[in-house]
Structures are given as C-alpha cells and as structure tokens.
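Novice: One structure, pasted below without further comment.
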Amino acid sequence: MDNVIAALPLVFDPFTLMVIMACALFGLFIGAVPGLSATMATAMLVPITFYMAPVPAIGAIVTMSAMAIFASDIPTALIRIPGTAASAAYVDDLYKLSQRGKAGLGLGLCVITSAIGGVFGTLVLMIAAPQLAEVSLNFTSFEYFWLALLGLSAAVMLGTGSVVKSVMSLCLGLLVASVGLDGSSGFPRFTYGQESLLSGVSFVPALIGFFAVPEIIRAIVHRDKQEEAKSISRISELFDGLGKTLWKFRLNLARGSVLGTLIGILPGAGSDIAAWITYAVSKKFSKNPEKFGTGYEEGLVDSGAANNSALSGAYVPAMVFGIPGDSITAIVIGVLYVKGLNPGPMVFINNAVEVNAIFMVFMLANLLMVPLGILAIVLAAPVLKISKTALAPLILGFAIVGSFSIDISITSIIIMIVVGCFAYLMEENDIPVAPAVLGLVMGTLVERNLITSLIKGDNNPLVFFERPIAGVLGVMTLALWFAPLIIKIYRKSRRSEVTS
Amino acid sequence: MRIHDGLLGLLFIVLGACVIWQAASFPSMPGQAIGPGTFPLVFGVMFVIGGAIIGRAGLAAGMGRLATFNEGWRHRDRALAAFVAVIGTLVLAIFFEQVGFLIGGAVLLIALYMLLGHRSPRWIVVSLVFVGAVYYGMAKLLLVPLPTGPLF
C-alpha cells in the first residue's frame with residue numbers, strides 16, 4: 001500500500017499528465033490514419049522517451065498504443081479500412097453497421113468495450129504480475145531458457161503466414177542480435193573489423209527501420225485511395241441503443257476480456273491475434289453465427305474488448321520475465337532497460353514504486369479512452385482525409401532524427417534505413433517482421449541462458465528437464481513444435497484407413 | 001519486389017552456410033566444447049534447413065520470373081521517389097555533419113514532396129516548418145546535438 005501511495009505523485013506529476021495527454025492525442029491520430037500502425041508509432045516515440053523519467057516514458061508508450069488500437073476502429077467503421085491490424089477481424093460487421101446508419105452504435109460499442117477490456121487486462125496485470133514475479137524468483141537459467149524459447153516458438157507458430165518463413169525471420173533477428181562482442185567469452189562476432197559494431201547493432205534504430213521504413217516505402221509506391229468518409233455529427237448517436245446492446249452481450253464482453261488478456265499474456269501473440277481468435281470463438285458459440293459479417297454486434301463486442309485487454313496482458317511476461325508479449329512490449333523492454341528498470345522479478349522489489357506508477361498509468365489511459373475516444377470519433381472526418389503519402393516524408397524526417405538521437409551517430413541512421421529496406425523486402429515476400437524483432441530482443445537472453453545451462457549441466461541435454469518447472473516448460477515447447485506434425489500424420493493415417 | 005521462392009530458399013541456404021562457416025572459426029571457451037560459435041551454429045543450420053524447404057516448395061510450384069515488381073513500382077515517378085527516400089537518407093547520413101539537419105532535412109523533404117506530386121508552395125512551407133519544429137524540439141528542448149552544418 002505504501003508503494004501505491006508513493007507512486008501517486010509520480011503519476012499525477014504535471015509533466016507526466018501532459019505527456020500522457022499529448023501521447024493520447026498522438027495515438028488517436030495514428031490509429032485514425034489508415035495504414036499507420038501502433039507499433040510504428042511506438043518505435044518513433046522511443047527516441048523522445050529516452051529523455052524522460054521512467055514513468056512518463058513508459059506512460060507515453062502505454063497511452064499512445066492503447067489509444068491507437070481503439071482509434072483504428074474509426075476508419076474501419078467510416079471507410080472500411082482498418083487503422084491497424086487489430087481491427088481487421090471485425091471490419092465487415094463494423095462497416096455494415098455504418099451502412100445501415102448505425103455507425104454511432106458501432107463506434108460507441110468499440111470505445112466502451114475497448115475501455116472495459118483495457119481496464120480488465122490492467123487489473124490482471126496488477127494482480128498477476130507481482131504473484132508471478134514471486135514464483136519466478138526461484139527460476140534458474142533452465143527455466144528462463146525454456147520460457148524464452150517458448151515465447152519465440154509461440155511467436156512463430158501463432159503468427160500469420162508460413163511457419164517456415166516465420167522461422168527464417170526469427171533466425172534473421174537472432175543473427176542481428178549476435179553481432180558484436182559475445183556476452184560470455186568477449187569474442188567479436190560478425191563485426192568484420194568495424195569498431196562501431198562491437199557493441200552490437202543499435203536496437204532502437206533497427207526497430208524504427210523495421211516498422212517505419214516499410215510503411216514509408218509502401219505509402220510512396222503503392223499509394224492509398226482517398227475514400228469519402230461518413231461522419232458522426234452528434235455525440236448522442238454513440239449512445240443510441242448502446243446500453244441495451246452491451247447488456248445483451250455482457251457475457252461476450254467478459255469472455256472477450258478474459259480471452260484477450262490470456263492471449264496477450266502468451267508470448268508472441270498481440271492484439272491482432274487476440275481479435276481474430278475471439279471473433280472466431282464468438283462465432284463458434286453464437287446462437288446466430290450466420291449473422292456474423294453482416295453488421296452484427298456480437299463479434300464486435302468480443303473482439304473489441306479482446307484487442308485492448310491483450311495490450312495490457314502482453315505486459316505480464318514483459319515485466320515479470322523480460323519476454324515480450326508482442327512487438328510493442330518488445331520495444332518497451334528496450335526502454336525499460338535503458339531506464340534502469342530491468343524487467344524481471346527483482347523489478348517488483350527494487351523499483352516497486354515505479355512499477356505501481358506504471359500500473360496506474362495503464363488504468364488512467366484506459367479510463368481516458370472514453371472521453372478522448374468520443375472526441376476523436378466526432379472529429380474523425382478531417383483526419384481520414386489526410387493522405388498517408390503526404391505523411392510519408394514527415395515520418396522519414398522524424399525517423400532520421402530519432403535514429404540519430406539514440407547514439408548521436410550517423411551509423412544509427414544507416415542501420416535504420418538498411419534494416420528498413422530489408423524489412424520491406426521481407427514483407428513483400430510474406431516473411432513477417434515480428435519474429436525478427438522478437439529474435440533481436442530475446443536473442444541475447446536465449447543464448448546467455450543456453451550457454452550457462454550447458455556449462456552447468458556439463459553439456460548434458462537431459463539436465464534441461466530435471467527441474468520440475470523447467471521440465472514442464474520444456475515439454476510444452478516441444479509439444480508446440482511437434483503437435484502440428486503429429487496431428488497431420490494422425491489425420492493422414494485416419495484418412496487412409498477410411499479410404500481402404 | 002517479390003522474389004521467387006526457389007531463389008529465396010537459395011539465398012537463405014547461402015546465408016546459413018556463411019553463418020556456419022564463420023561460427024566454426026570462432027574459438028571455444030577454455031576447457032569447454034561450446035563457445036561463441038555454438039548459438040550462431042544453431043541458427044545457421046536452421047537457415048539451411050528452412051531455405052531448403054522454401055526453395056523446394058518454390059521449385060515445386062514451377063519456375064516463373066526470379067523477381068517481379070508489383071504494380072506500384074511500374075510508375076516511374078513513384079519508384080524514383082522511393083529511390084530518393086532511401087538513397088537520399090543514406091547520402092544525408094554520410095554528409096550529416098557537413099550539411100546539417102536543417103538544410104539536409106529540408107532539401108530531402110521538399111524533393112520528396114515534389115516527386116510525390118505535391119508541388120504547391122504549401123508543401124515547401126510544410127517541409128520547412130516541420131524541419132524547424134523538429135530541430136527546435138530535439139536540439140533545444142531535448143538537447144540532442146543535431147548538426148547544423150554551415151548555418152550556425
């Protein structure tokens with residue numbers, strides 16, 4: 001309780017509140033402009049957060065990403081283009097509601113379910129993270145190795161697209177992470193005599209490259225069509241029938257929040273995967289599955305709550321184990337290290353006040369979402385007219401300055417643009433970049449724990465399964481790898497039995 | 001630009017082979033069979049196996065063109081703008097100290113707006129105001145030593 005009281009002045013400091021407010025508006029803008037992702041905006045925010053105290057720095061990212069995930073529903077409803085991937089699951093329902101003159105109800109549902117989902121996820125984070133941290137105090141390199149490997153495996157298996165291409169992306173991330181002096185022996189790897197590479201590839205410029213540069217190139221080359229947006233003129237439109245619909249689907253709201261949080265906690269799965277899975281679950285258990293995709297509110301309630309609760313859930317493994325739940329928390333982990341709040345169980349003991357302050361910021365951001373979200377919906381029409389192509393040069397300008405400001409080095413600008421070109425090529429060839437980013441963030445963690453465990457166990461692989469929690473995590477990881485293959489073989493043999 | 005999966009697989013195999021070759025040359029830790037090359041060796045092997053799977057699937061799907069450019073790249077103005085964005089950034093990075101952010105950034109932004117078809121004076125003003133505001137915010141408020149070039 002003392003820590004909570006001590007955290008209050010950190011949150012309600014005028015500068016922190018100003019940062020939260022500014023980032024809330026920035027997030028709403030990013031979400032409302034189709035094609036600009038919350039992850040890209042997070043990467044762009046990092047250079048600015050470097051110059052802030054830990055609480056406003058993390059608060060900036062938390063608030064911006066929560067607002068962006070909600071605001072991406074606005075273009076989904078008004079012009080049928082999801083602002084971010086997290087809204088793509090229910091694009092048809094939301095747009096068709098708008099076509100039937102119920103855009104207000106659709107967006108009203110989005111803002112309320114997002115806020116409720118976000119608050120639920122935050123409560124889980126506040127309660128579960130310290131408990132988990134206590135358990136994980138007994139973890140050794142074996143448990144951390146399996147946890148990190150489980151996280152990377154989940155990112156590869158749960159992502160969209162080909163598993164093999166996701167593995168290749170992960171390996172590229174691991175390769176970039178291994179550039180520089182080796183942590184255990186001090187031997188320089190893949191540096192080719194370049195002194196600037198001895199400390200490794202700078203993380204933030206690489207992130208800006210991964211997320212901002214491909215969007216800049218796409219905006220320039222592929223161009224977006226300007227759509228005529230519908231608009232909402234009266235705030236009261238948002239509340240017409242809202243209470244009745246929310247009450248009707250109250251269980252969906254609870255299910256979406258719970259499922260979203262759990263999926264968020266799973267390393268590697270973020271808001272977009274949470275929205276897709278909960279939408280599918282909602283359809284499966286609905287009494288009216290045939291109405292899904294026709295402007296029906298049920299799936300919207302489930303997924304609307306899920307995508308924001310997943311955002312908070314993703315911070316559980318990030319804070320407790322230093323293992324990112326999604327791309328945004330991968331960036332946040334980097335920021336936490338820079339701020340001296342090294343993620344792990346000890347952060348809850350050594351920096352309890354700051355951690356509580358961060359939890360409060362989460363709550364504040366989700367509560368602010370209702371008034372600011374309503375404002376954004378009403379003022380959305382002019383923002384939707386902004387062309388992404390016109391924003392591209394400005395994003396590039398900011399990416400250059402942001403990369404430079406991290407190390408005050410031109411090498412960072414070069415890393416940003418080179419990594420960005422590779423990331424564009426990867427996405428053009430259906431190779432997702434998220435596993436590469438997770439590999440970049442977690443490469444050192446996986447390697448350090450692998451080498452330490454091998455030395456401890458005298459190179460005997462069986463010691464990785466000797467401790468109970470390590471054994472369970474190891475079996476879970478192996479099951480994740482081999483279950484799809486075993487199921488495939490089983491189905492094939494069943495089919496051949498039936499045919500014969 | 002879409003690369004044929006056969007070629008993509010080959011690229012991953014070559015990359016994996018290079019990683020394995022490099023990793024094999026790293027010395028082991030004293031008294032240990034493992035060392036700085038152990039982990040790179042693992043993902044080097046994964047590159048080779050993954051590359052073989054992708055390449056095989058690509059060849060099974062049939063030989064087409066090794067690389068194809070999608071519709072957007074066929075517009076010369078767009079391709080040129082993308083080229084200027086990438087090469088312009090690299091050139092700006094190399095001469096950042098000499099040119100400075102104010103001049104270099106403004107020139108890059110104005111050139112991009114011109115190439116993107118935003119040729120009215122409004123976009124020149126947007127570029128100048130943006131570069132000035134970013135410079136003020138970063139250099140004066142956050143004290144990032146952005147180079148000014150010949151200006152100050």
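The values are calculated or read from the model by the stated rules, or taken from the named source; none is laboratory data. On a predicted model such as this, the values are computed, not experimentally measured, just so you know. Neighbour counts are summed over all protein chains in view; Cβ atoms, including those assigned to glycine, are modelled from backbone coordinates with ideal geometry.
Novice: Residues A:L97, A:L25, A:L45: which one is within 30 Å of A:P289 (Cα to Cα) and among the aliphatic types (A, V, I, L, M)? Before the answer, list the steps.
Specialist: Numbers: A:L25 fails: within 30 Å of A:P289 (Cα to Cα); A:L45 fails: within 30 Å of A:P289 (Cα to Cα).
Only one candidate qualifies: A:L97.
Novice: Moving on to the next point. Suppose we keep only residues that are part of a loop (DSSP other than H, G, I, E, B) and of a type outside the set (A, V, I, L, M) within the stretch A:1-39. Which one would you say is nearest to A:L78 (Cα to Cα)? Write out each step before concluding.
Specialist: Going through the stretch A:1-39, the residues part of a loop (DSSP other than H, G, I, E, B) turn out to be A:1, A:12-13, A:33-37.
Narrowing further to those that are of a type outside the set (A, V, I, L, M): A:12-13, A:34-35, A:37.
Working: A:F12: 35, A:D13: 37, A:P34: 11, A:G35: 15, A:S37: 18 Å.
It comes out as A:P34.
Novice: Going through the stretch B:32-69 one residue at a time, which ones are more than 9 Å from chain A (Cβ to nearest Cβ) and aromatic (F, W, Y)?
Specialist: B:F69
Novice: Does the stretch A:431-443 contain any residue that is touching a residue at least 40 places away in the same chain (Cβ under 8 Å), within 11 Å of chain B (Cβ to nearest Cβ), surrounded by fewer than 22 Cβ atoms within 10 Å (Cβ to Cβ) and in contact with a helix residue (DSSP H, G or I) (Cβ under 9 Å, 6 or more places away or on another chain)?
Specialist: To start, the set of residues in the stretch A:431-443 that are touching a residue at least 40 places away in the same chain (Cβ under 8 Å) comprises A:431-443.
Filter again for within 11 Å of chain B (Cβ to nearest Cβ), leaving A:431, A:439, A:443.
This time we only want the ones that are surrounded by fewer than 22 Cβ atoms within 10 Å (Cβ to Cβ), so: none.
No; the residues of the stretch A:431-443 include none that is touching a residue at least 40 places away in the same chain (Cβ under 8 Å), within 11 Å of chain B (Cβ to nearest Cβ), surrounded by fewer than 22 Cβ atoms within 10 Å (Cβ to Cβ) and in contact with a helix residue (DSSP H, G or I) (Cβ under 9 Å, 6 or more places away or on another chain).
Novice: Restricting to the stretch B:97-122, and then to whatever is surrounded by fewer than 20 Cβ atoms within 10 Å (Cβ to Cβ) and at the interface with chain A (Cβ under 8 Å from one of its Cβ atoms), can you tell me which residue is nearest to B:F83 (Cα to Cα)?
Specialist: Here the answer is B:H118.
Novice: Next question, about the same structure. Would you mention how many residues in the stretch A:380-422 are closer than 17 Å to A:L207 by Cα, more than 9 Å from chain B (Cβ to nearest Cβ) and not in a helix (DSSP H, G or I)?
Specialist: 1
Novice: Given A:L425, A:L375, A:L368, A:L364, which one is more than 30 Å from B:A139 (Cβ to Cβ) and within 11 Å of chain B (Cβ to nearest Cβ)? Before you say what the answer is, go through the steps one by one.
Specialist: Working: A:L375 fails: within 11 Å of chain B (Cβ to nearest Cβ); A:L368 fails: within 11 Å of chain B (Cβ to nearest Cβ); A:L364 fails: within 11 Å of chain B (Cβ to nearest Cβ).
Only one candidate passes the filter, namely A:L425.
Novice: Only one residue in A:G106, A:G27, A:G118 is under 21 Å from A:K248 (Cα atoms) and under 15 Å from the mean Cα position of the chain (by Cα), so which one is that? It would help to see each step written out before you state the result.
Specialist: On the way: A:G106 fails: under 15 Å from the mean Cα position of the chain (by Cα); A:G27 fails: under 21 Å from A:K248 (Cα atoms).
None of the others qualify; the one that does is A:G118.
Novice: Would you call A:G27 without any contact (Cβ under 8 Å) to a residue 60 or more places away in the chain, buried (at least 24 other Cβ atoms within 10 Å of the Cβ), small (G, A, S) and assigned by TED's automatic domain parsing to the domain that holds A:P205?
Specialist: Details: without any contact (Cβ under 8 Å) to a residue 60 or more places away in the chain: yes; buried (at least 24 other Cβ atoms within 10 Å of the Cβ): yes; small (G, A, S): yes; assigned by TED's automatic domain parsing to the domain that holds A:P205: yes.
So A:G27 fits the description; yes.
Novice: While we're looking at this one, here's another question. Looking at (1) among the aliphatic types (A, V, I, L, M); (2) within 10 Å of another protein chain (Cβ to nearest Cβ); (3) under 28 Å from A:P75 (Cβ atoms), can you tell me which one A:V446 breaks?
Specialist: Condition not satisfied by A:V446: (3).
Novice: Something else about it: Please go through the stretch A:372-403 and give me each residue that is touching a Phe, Trp or Tyr at 6+ places or on another chain (Cβ under 7 Å) and at pLDDT 85 or above, ordered by number. Write out each step before concluding.
Specialist: Applying the first criterion (touching a Phe, Trp or Tyr at 6+ places or on another chain (Cβ under 7 Å)) to the stretch A:372-403 yields A:373, A:383, A:393-394, A:397, A:401.
Those that are touching a Phe, Trp or Tyr at 6+ places or on another chain (Cβ under 7 Å) and at pLDDT 85 or above: A:G373, A:P393, A:L394, A:G397, A:V401.
Novice: Do you know which residues across the stretch A:449-467 are among the β-branched types (V, I, T) and either away from chain B (no Cβ under 11 Å) or in contact with a strand residue (DSSP E or B) (Cβ under 8 Å, 6 or more places away or on another chain) (or both)? Don't jump to the end; show me each part of the working.
Specialist: Going residue by residue through the stretch A:449-467, those that are among the β-branched types (V, I, T) are A:451-452, A:455, A:463.
Selection gives A:V463 alone.
Novice: Among all residue pairs at least 6 apart or on different chains, which show Cβ distances below 6 Å where the first residue, located in the stretch A:335-353, is closer than 24 Å to A:V204 by Cβ and the second is of a type in the set (S, T, N, Q)?
Specialist: The qualifying pairs are A:V335/A:T49; A:L341/A:N351.
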